[in-house]
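The values are calculated or read from the model by the stated rules, or taken from the named source; none is laboratory data. Every value quoted in this text rests on a predicted model; they were computed, and no experiment measured them. Cβ sites come from the backbone with ideal geometry, for glycine too, and all protein chains shown count toward neighbours.
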Amino acid sequence: MRSFYPLRWAFLLLILGTGLGAAPVSAQVQLRTLPADAKRATLGQPQPLPYVVLDGKLARLAPGGVIYDRDNRFILQNALPAGAAVAYTINPTGDIARIYILTARERAAFKPK
């Protein structure tokens with residue numbers, strides 16, 4: 001029974017090594033898809049919650065509104081960079097539902113409607 005243990009450890013290391021080797025493959029860059037109804041704007045100076053300035057006009061961030069940075073991570077309203085190009089969506093009540101800070105590639109490809 002003693003000779004079985006080295007085989008079990010070798011099998012365990014093989015399983016772990018295979019799993020760790022596959023991890024970087026799943027961590028590849030994900031391309032995000034902007035909503036079809038998104039509008040483009042430029043952010044203004046930071047405002048107190050729940051307000052944001054888009055193209056010089058004061059707008060209200062909806063309750064539960066989400067802001068995504070260039071890496072598609074959630075950020076808080078007070079972390080919005082002034083002057084950044086963004087795409088945004090509006091909810092049925094007219095509030096800003098989502099804000100996406102655009103990457104250079106997205107700015108070049110974004111076709112405003």
Can you tell me which residues in region 44-68 are within 17 Å of the chain's Cα centre (by Cα) and either under 17 Å from ALA108 (Cα atoms) or β-branched (Val, Ile, Thr) (or both)?
-> VAL66, ILE67
Quick count over region 35-49, residues being under 13 Å from ILE90 (Cα atoms) and assigned to a loop (DSSP other than H, G, I, E, B), is 4
Within the bounds of region 4-26, is there any residue that is in a loop (DSSP other than H, G, I, E, B) and at pLDDT below 95?
-> no
In region 71-85, which residue that is outside any loop (DSSP other than H, G, I, E, B) and over 12 Å from the mean Cα position of the chain (by Cα) is surrounded by the fewest Cβ atoms within 10 Å (Cβ to Cβ)?
-> ASN78
Give ALA62, ALA36, ALA41 a once-over and let me know the one that is on the phi < 0 side of the Ramachandran plot, exposed (fewer than 10 other Cβ atoms within 10 Å of the Cβ), without any contact (Cβ under 8 Å) to a residue 60 or more places away in the chain and not polar (S, T, N, Q).
-> ALA36
What tally of residues in region 50-70 results from selecting those that are part of a strand (DSSP E or B) and among the charged types (D, E, K, R)?
-> 2
Does any residue of region 73-82 turn out to be of a type outside the set (A, V, I, L, M, F, W, C) and farther than 19 Å from TYR51 by Cβ?
-> yes
